[in-house]
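**Student:** So that we are looking at the same thing, I have put the structure below in structure tokens.
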Amino acid sequence: MYESYLRALLAPLGVYRLDRDSLSGAELYALGKSLDALSGHLETVERESLTATAEGEGLRRRESLFLRRPASTTLKERRAAIAALLQIDGDSLTPEAINRTISGCGIRARAIETGTNQVLVEFPDTAGVPQDFEQIEKIIMDILPCHLGVEFRLRYLTWAVCHQAAYTWDIVAEQHYNWRSFQLAVPPEKEDV
């Protein structure tokens, strides 16, 4: 890529022999290869230096800044968790700020005030016990102020939700659920008649 650029840059001068068999051409080839390698390295450094685009080393280095590594698996979840944890500062005690930062555990979480110095933490996008729940719980407890009483609520499919969604035994049979997968299921949307 850079070899072609250098050739195009020098060709109008008409002073150099630019074919690869010439000394000038060989020099442009070597310079072009070196610049291509440097360009590739700089692209990697640039990608890894931004949380929003980091894929490997950049994420690992940021995660090492925290006491506990977020319990997220995908790149998108890891990036979101790191961004949430980086927001923590002295003004992070409002309910809105707490809800932004507790997603630093690795999955979407929400804290709801249930009384004086009491909060309920739930995971709206996760049914059942989240994977790596012990790690998630430790991270959330590290983020929340120590004077709060914290209770965790896990979401399972209830009979009331089944009734509201018009779940039928035929739907259960069609999906080939076992009891565990049924508890974690997301009910189908009601069709408008």
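The values are calculated or read from the model by the stated rules, or taken from the named source; none is laboratory data. This one's a predicted model, so the numbers in the text were calculated from it and none came from an experiment. No Cβ is skipped: glycine too gets one built from the backbone with ideal geometry, and neighbour counts run over all protein chains shown. Areas reflect the complete protein model, heavy atoms only, side chains present, ligands, DNA and RNA absent. Shrake-Rupley method; radii C 1.70, N 1.55, O 1.52, S 1.80 Å.
**Student:** Does SER24 satisfy the criteria of being closer than 30 Å to ALA83 by Cβ and at pLDDT below 95? Please lay out each step first, then the result.
**Tutor:** Details: closer than 30 Å to ALA83 by Cβ: no; at pLDDT below 95: yes.
So SER24 fails the test.
**Student:** Yes or no: ARG47 under 30 Å from LEU85 (Cα atoms) and open to solvent by 90 Å² or more (accessible area, probe 1.4 Å)?
**Tutor:** Details: under 30 Å from LEU85 (Cα atoms): yes; open to solvent by 90 Å² or more (accessible area, probe 1.4 Å): no.
Against the criterion (under 30 Å from LEU85 (Cα atoms) and open to solvent by 90 Å² or more (accessible area, probe 1.4 Å)), ARG47 does not qualify.
**Student:** Any residue at all in the stretch 32-42 that's over 39 Å from the mean Cα position of the chain (by Cα) and among the aliphatic types (A, V, I, L, M)?
**Tutor:** Keep residues of the stretch 32-42 that are over 39 Å from the mean Cα position of the chain (by Cα), which gives none.
No, the conditions are met nowhere in the stretch 32-42.
**Student:** Within the stretch 68-98, track down each residue that is part of a helix (DSSP H, G or I), farther than 16 Å from LYS138 by Cα and of a type outside the set (Asp, Glu). Don't jump to the end; show me each part of the working.
**Tutor:** Taking the stretch 68-98 and keeping what is part of a helix (DSSP H, G or I), we get 75-86, 95-98.
Still in the running and farther than 16 Å from LYS138 by Cα: 75-80, 83, 86, 95-97.
Selection gives LEU75, LYS76, ARG78, ARG79, ALA80, ALA83, LEU86, PRO95, ALA97.
**Student:** Answer with yes or no whether ARG108 is in contact with a helix residue (DSSP H, G or I) (Cβ under 6 Å, 6 or more places away or on another chain) and among the basic types (Lys, Arg).
**Tutor:** Values: in contact with a helix residue (DSSP H, G or I) (Cβ under 6 Å, 6 or more places away or on another chain): no; among the basic types (Lys, Arg): yes.
Against the criterion (in contact with a helix residue (DSSP H, G or I) (Cβ under 6 Å, 6 or more places away or on another chain) and among the basic types (Lys, Arg)), ARG108 does not qualify.
**Student:** Give the residue that is farthest from GLU113 (Cα to Cα), with candidates limited to residues of the stretch 136-170 that are among the acidic types (Asp, Glu) and over 22 Å from the mean Cα position of the chain (by Cα).
**Tutor:** Top of the filtered list is ASP170.
**Student:** I want to confirm something. Restricting to the stretch 108-137 and keeping residues that are surrounded by 14 or more Cβ atoms within 10 Å (Cβ to Cβ) and out of contact with any strand residue (DSSP E or B) (no Cβ under 9 Å at 6 or more places or on another chain), which single residue is farthest from ILE98 (Cα to Cα)?
**Tutor:** In this case the residue turns out to be ASP132.
**Student:** With LEU86, LEU93 as the choices, which residue is in contact with a helix residue (DSSP H, G or I) (Cβ under 9 Å, 6 or more places away or on another chain) and of a type outside the set (D, E, K, R)? Can you show your working first?
**Tutor:** Details: LEU93 fails: in contact with a helix residue (DSSP H, G or I) (Cβ under 9 Å, 6 or more places away or on another chain).
Every option except LEU86 fails the conditions.
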